[in-house]
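Note sheet for the following structure.
The values are calculated or read from the model by the stated rules, or taken from the named source; none is laboratory data. Please read all numbers here as calculations on a predicted model, not as lab measurements. Cβ sites come from the backbone with ideal geometry, for glycine too, and all protein chains shown count toward neighbours.
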């Protein structure tokens, strides 16, 4: 009986739900990459998976003290900072192809998908994407021929070449640490050319609309996080109290 109690209590500790609050401002973000939350400048990265009617959205922070980092710099820094996150790139196009997140934080891995190829002249010749494998407690989406990660930004001040106007123009939008002031716009450049600014936000939002290239509605993100040490300590104290009380009852018989 005691073994059953111990096993049940340990199960509560090991599967304790992850703390994830809504990100209303930068201060709500828990995982910071680059030079961290104490840096001079800050940006936020939001990733949104849309699996059927279920949507998952999480935010990470990126800090830097000097230079002009790009959206790709933030992506790679966040990928390196959070062991639960893995971002795959299309080998030929050097663009985001698939994103995996160990949602239940059990150290699981996955099998990356393979990008297909679209034949616009003859759709019957299109090679469809091979989706990656993931356990039910994780999330993973990838796409090239059958889906894509749309890229939107808010906040920035940089010059870029507009192919439609055949001229250089400037993207200019104020940054903000508050999510309520974010105004998402389709990025006019790729993440490698996008220059971050203090208070800017980047969003990768998965879509399966390969015809109209629309994206699902954006939901307010939660902060990516790991179990808080205080939570685990409290659980261990509860376990100790439970075993102590159980031992007292056994000895009193």
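Looking for something more than 17 Å from the chain's Cα centre (by Cα), assigned by TED's automatic domain parsing to the domain that holds residue 211 and not in a loop (DSSP other than H, G, I, E, B) - is there at least one such residue anywhere in segment 99-116?
Scanning segment 99-116 turns up at least one residue that is more than 17 Å from the chain's Cα centre (by Cα), assigned by TED's automatic domain parsing to the domain that holds residue 211 and not in a loop (DSSP other than H, G, I, E, B).
Given the condition assigned to a loop (DSSP other than H, G, I, E, B), touching a strand residue (DSSP E or B) at 6+ places or on another chain (Cβ under 8 Å) and in the same structural domain as residue 27 (by TED's automatic domain parsing), answer yes or no: does some residue in segment 150-164 qualify?
As a first pass, look at segment 150-164 and keep what is assigned to a loop (DSSP other than H, G, I, E, B): 155, 163-164.
Imposing the further condition that a residue be touching a strand residue (DSSP E or B) at 6+ places or on another chain (Cβ under 8 Å) reduces the set to 155.
This time we only want the ones that are in the same structural domain as residue 27 (by TED's automatic domain parsing), so: 155.
Scanning segment 150-164 turns up at least one residue that is assigned to a loop (DSSP other than H, G, I, E, B), touching a strand residue (DSSP E or B) at 6+ places or on another chain (Cβ under 8 Å) and in the same structural domain as residue 27 (by TED's automatic domain parsing).
Being surrounded by 12 or more Cβ atoms within 10 Å (Cβ to Cβ), modelled with pLDDT of 95 or more and either outside any helix (DSSP H, G or I) or out of contact with any strand residue (DSSP E or B) (no Cβ under 7 Å at 6 or more places or on another chain) (or both) is the requirement here; does residue 192 meet it? Full working, then the answer.
Values: surrounded by 12 or more Cβ atoms within 10 Å (Cβ to Cβ): yes; modelled with pLDDT of 95 or more: yes; either outside any helix (DSSP H, G or I) or out of contact with any strand residue (DSSP E or B) (no Cβ under 7 Å at 6 or more places or on another chain) (or both): yes.
Spelling it out, residue 192 is indeed surrounded by 12 or more Cβ atoms within 10 Å (Cβ to Cβ), modelled with pLDDT of 95 or more and either outside any helix (DSSP H, G or I) or out of contact with any strand residue (DSSP E or B) (no Cβ under 7 Å at 6 or more places or on another chain) (or both).
Out of 44, 77, 111, 59, report the one residue that is within 21 Å of residue 206 (Cα to Cα) and at pLDDT below 95. Reasoning before the result, please.
Numbers: 44 fails: at pLDDT below 95; 77 fails: at pLDDT below 95; 59 fails: at pLDDT below 95.
Going through 44, 77, 111, 59 in turn, the sole match is 111.
What pairs come out if I take residues in segment 128-143 that are under 13 Å from residue 111 (Cα atoms) and pair them with residues that are at pLDDT below 90 whose C-beta lies under 7 Å away, six or more apart or interchain?
Cβ pairs passing all conditions: 135/108; 138/108; 140/134.
Here's the yes/no breakdown for (1) farther than 21 Å from residue 68 by Cα; (2) within 20 Å of the chain's Cα centre (by Cα); (3) in a helix (DSSP H, G or I); (4) at pLDDT below 95:
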{"site": "202", "(1), (2), (3), (4)": "no, yes, no, no"}
{"site": "205", "(1), (2), (3), (4)": "yes, yes, no, no"}
{"site": "211", "(1), (2), (3), (4)": "yes, no, no, yes"}
{"site": "225", "(1), (2), (3), (4)": "yes, yes, no, yes"}
{"site": "243", "(1), (2), (3), (4)": "yes, no, yes, yes"}
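Give the residues of segment 77-92 that are without any contact (Cβ under 8 Å) to a residue 40 or more places away in the chain and either assigned to a loop (DSSP other than H, G, I, E, B) or surrounded by fewer than 14 Cβ atoms within 10 Å (Cβ to Cβ) (or both), sorted by residue number.
Residues satisfying the conditions are 83, 91, 92.
Would you say residue 96 is over 12 Å from the mean Cα position of the chain (by Cα) and at pLDDT 95 or above?
Details: over 12 Å from the mean Cα position of the chain (by Cα): yes; at pLDDT 95 or above: yes.
For residue 96, the condition - over 12 Å from the mean Cα position of the chain (by Cα) and at pLDDT 95 or above - is met.
Return yes when residue 146 is in contact (Cβ under 8 Å) with a residue 60 or more places away in the chain, under 19 Å from residue 73 (Cα atoms) and not in a helix (DSSP H, G or I) and no when it is not.
Details: in contact (Cβ under 8 Å) with a residue 60 or more places away in the chain: yes; under 19 Å from residue 73 (Cα atoms): no; not in a helix (DSSP H, G or I): yes.
Against the criterion (in contact (Cβ under 8 Å) with a residue 60 or more places away in the chain, under 19 Å from residue 73 (Cα atoms) and not in a helix (DSSP H, G or I)), residue 146 does not qualify.
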